[in-house]
Amino acid sequence: MTSGSEYVGIAVSFLLAAGITGAMVVLASTLGRKRPSLAKSGPFESGKEPFSLPRGKLAIKFYLTAILFILFDVELVFLYPWAVVFRELGMVGVAEMAVFLGILMVGYVYAWDSGALKWQ
Amino acid sequence: MNGASMDDLALLIPELILVSTALGFILAARRIENAHMATAGTIFAALSAASASVWLVSDSARTAFGGMFIVDGYSQFFKVLIGAALALTALVSERRIDVESVRPAEYHALLLLASTGMMFAASAFDLLTLYLGLELTTLCSYILVGITVERPKSNEAAIKYFLLGSFASALFLYGVSLTFGATGDTGFATVALAVSENTLRNNAVLLAAMSLIGAGLAFKIAAVPFHAWAPDAYEGASAPVAAFLAAASKAAGLAALGRVALDAFASPSGIASGFLIGLAALSISVGSILAVSQTDMKRLLAYSSIAHAGYALLGFISGTTEGASATMTYAFLYVFMTLGAFGVVIALGKRGESLDGYQGLAAQRPGTAALMLLFLLSLTGIPPTAGFVAKFVVIQSVVSTGHWMLAVLAVVCTVVTAFVYLRVAVLMYMKEPQTPEEPARFPTAVSAALAIAALVTVLGGILPGPLTRWTDSALAAKSATSISRNVDR
C-alpha cells in the first residue's frame, strides 16, 4: 500500500458527507412547502432560549453527574491501549491494571459513599 | 522498559506508604469522625515515609523506571524534610479541623496525596515524572485552599490559585515539549548531555525551553514575578493549609528547581545562573518591600515567604554542590521557622489573623509572645537563631562566586524585613491589649508542633554542624553518581 492511497477513503467520505448534506439542503429549499412562523424563523439553539441573562439556577446534580462521568470516562480510556499490548506485558501488566482500577474504584466508592450518585 | 519490576517498586516505598494511607482515608471518609485518629494516621504515615526514605539510600544513587526516578542523598534529604513538614502540618491542623466543618479524613487524605507528589518530584529524574509529581501536589493544594467551602474568601482564593496554577503548569509543559524537540528526550541525563554539547546561547529552542520550565517552577516556589497567587491564596486558605503551602510546597519546589538547574540545564556559560539571579534579586526585594504595608498576618507571612524563596535561590546560583548544600540548609531551617510562625497564628485563632490582634499579646500570653518573637527573629535572620545560619550560608555562597551586588542587596533587604517582623514584636511587647483575653488553651497537638519548631529553630542556630554535614554528605553521593552516569554514556 502506498502512502497516499490510505487517504483516498477519507476523501471519499468527505465527498459523500458534503454531497448528501448539500443535496438535503438544496432539495428542502426547492421542493419543500414554506409556511414561516415566528418560532421557525428564530435562531435555532437546541430548544434553549437563544438570548438570556445568566441568572437562572442550574441544579448542582447535573454538574456533579457530568463531572463524575467525565472523570471515569477519561480514566477508562487507558484500558484501550492496555488491551492492545496486554499479551506482551504479561502478568505484570495485569497487576498494574488491577492497581490502577483499584485506585479508580476507591474514588468511585468515595463518590458513592458521599451520596454523589443519588439523584436528589 | 518492560513494566515495573519489584526492585523499581521498592524504591517507591515512601510514596507508597503515603498513597495507601491516603486511599484508606478516602475509603473511610465518612466513618472517621475523630480528628485525632486522622491526625495520628497522617503523622504515622509521614514518619514512616521519612524513615523509609532514610533506609532506602545506599552509598550510590539508584534509578528506577527506566531512569525516570532516582533515589539519592538529595531526594532523601528533601523527603525527610517534606515528611517532617507534613507531620507538623497535621499537628497544627488539630485546632482548625474542629472549628471549620471539614471532614478530617478528606483533609488529611489531601495533605498526604500532596506530600506524595512532593516526594515524587524530589526524586524525579525526568521532566515528565517531575511534572507528574508537581501536578499531583498542586491539584491537591487547589482543593485544600478551597476546602472551607462556606467561606467565600476561601473559594475565591482557590479559583485564583487554580487559574494561575494551570497557566504555570501549561508553561512548564510547553517547556518540556520544546526540550523534547531540541534534545529528543525528557530525561535529565540526556538533556544535560545536549546542554553541555551545544552551548545554550546558540540554541534558541533549548533556551526558550529552559525559561518556560524555569517559569513554571518559579511559580511553585512563588518567586517574583510569578508570585501573584501567593498572598491571595494564603489569605483565603485556612491557616494550616497556608502553613503547608509556605513550608512543604516551597521545599518541594526548591528541590525540583535545584534538580533541574544543577542536573539538567547546568551550562558552563552560566545562563541558568543568570536566570536564577534575576528571580532571586526580584523575589528578595519585592517580597521584602511589599511585606511592609501588610495588615493581615497571613498576607504578611506570604510576602515573607516570597522573600525567603529568593534567599533560598541564592545558593543555586553558583551551580556548585557547596551552593546547593547552602540552599538545602536554608530550606530545612526555613520550613521549621515558618511552620512555627504559622503555628502561633493558628493557635491564636481568629485573633492571630490580623496584625492588630498581636497588640499587647506579651502581657496576656507571655509564653506565646516569646515563641512568636523567636520565630520572627529567626525569619529576620538574627543570631543565635536558625534564620541567621540559613542567611549566612546562602549569602556566603553568593559572595564566594563573586556576585557582590546580589549579596549587598540580600543584606539590605534583610534590614527591610527586620522592620516588618519587628513591627509585630513591637505590637506584642509595647502596646496595650486591645482584644479581651480568651481563656482557651491551645490543643496539645498545636503546642507539641510549636515546641518542635522552636527546638529546631534554636538548635539550628546554635549547632548547625550536623545539618550542614548532612547536606554536604547528601550531595557528595549525588555528584559522584552523576559523574559516573555521564561516563557510562
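At a glance:
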read-out: Selection count where residues are within 13 Å of B:M428 (Cα to Cα) and assigned to a helix (DSSP H, G or I), scope the range B:360-383; value: 14
read-out: Which listed residue, of B:A10, B:A50, B:A64, B:A35, is more than 26 Å from A:Y108 (Cα to Cα), modelled with pLDDT under 90 and touching a helix residue (DSSP H, G or I) at 6+ places or on another chain (Cβ under 6 Å); value: B:A64
read-out: Qualifying residue in the range B:67-78 (condition: closer than 25 Å to B:S238 by Cα, surrounded by 23 or more Cβ atoms within 10 Å (Cβ to Cβ) and over 15 Å from the mean Cα position of the chain (by Cα)); value: no
read-out: Residue match in the range B:92-108 (condition: buried (at least 22 other Cβ atoms within 10 Å of the Cβ) and over 18 Å from B:E33 (Cβ atoms)); value: yes
read-out: Matching option when the condition is among the β-branched types (V, I, T), under 22 Å from B:A331 (Cα atoms) and at pLDDT 90 or above, among B:I70, B:I17; value: B:I70
read-out: Test: residue in the range B:154-170 that is crowded, with 23+ Cβ neighbours inside 10 Å, over 20 Å from the mean Cα position of the chain (by Cα) and not hydrophobic (A, V, I, L, M, F, W, C); value: no
read-out: Failed item, numbered, when B:E94 is tested on (1) out of contact with any Asp or Glu (no Cβ under 8 Å at 6 or more places or on another chain); (2) modelled with pLDDT under 90; (3) not in a helix (DSSP H, G or I); value: (3)
read-out: The range A:105-115, residues that are surrounded by fewer than 15 Cβ atoms within 10 Å (Cβ to Cβ) and more than 10 Å from chain B (Cβ to nearest Cβ); value: A:W112
read-out: Residue among B:G319, B:G357 that is touching a helix residue (DSSP H, G or I) at 6+ places or on another chain (Cβ under 7 Å), surrounded by fewer than 21 Cβ atoms within 10 Å (Cβ to Cβ), small (G, A, S) and not in a helix (DSSP H, G or I); value: B:G319
read-out: Test: residue in the range B:11-26 that is acidic (D, E) and either away from every other protein chain (no Cβ under 14 Å) or more than 24 Å from A:F100 (Cα to Cα) (or both); value: no
read-out: Some residue of the range B:107-125 being outside any helix (DSSP H, G or I) and within 29 Å of B:A61 (Cα to Cα); value: yes
read-out: Helices (runs of 4 or more DSSP H) contained entirely in the range B:194-304, each with at least 2 residues that are over 18 Å from B:L134 (Cα atoms) and out of contact with any His (no Cβ under 9 Å at 6 or more places or on another chain); value: B:204-220, B:229-236, B:239-244, B:271-291
read-out: Total residues in the range B:27-50, condition small (G, A, S) and within 14 Å of chain A (Cβ to nearest Cβ); value: 2
read-out: Residue among B:L467, B:L450, B:L427, B:L409 that is closer than 30 Å to B:G319 by Cα, modelled with pLDDT of 90 or more and part of a helix (DSSP H, G or I); value: B:L409
read-out: Scan of the range B:449-464 for residues that are more than 23 Å from B:G357 (Cα to Cα) and either under 22 Å from the mean Cα position of the chain (by Cα) or buried (at least 21 other Cβ atoms within 10 Å of the Cβ) (or both), ordered by number; value: B:I452, B:L455, B:V456, B:T457, B:V458, B:L459, B:G460, B:G461, B:P464
read-out: Criterion (over 24 Å from B:A109 (Cβ atoms), in contact with a helix residue (DSSP H, G or I) (Cβ under 7 Å, 6 or more places away or on another chain) and part of a helix (DSSP H, G or I)) met by exactly one of B:G181, B:G165; value: B:G181
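The values are calculated or read from the model by the stated rules, or taken from the named source; none is laboratory data. Please read these numbers as outputs of a predicted model, since none were measured by experiment. For neighbour counting, all protein chains shown are included, and Cβ atoms are generated from backbone atoms with ideal geometry for every residue, glycine included.
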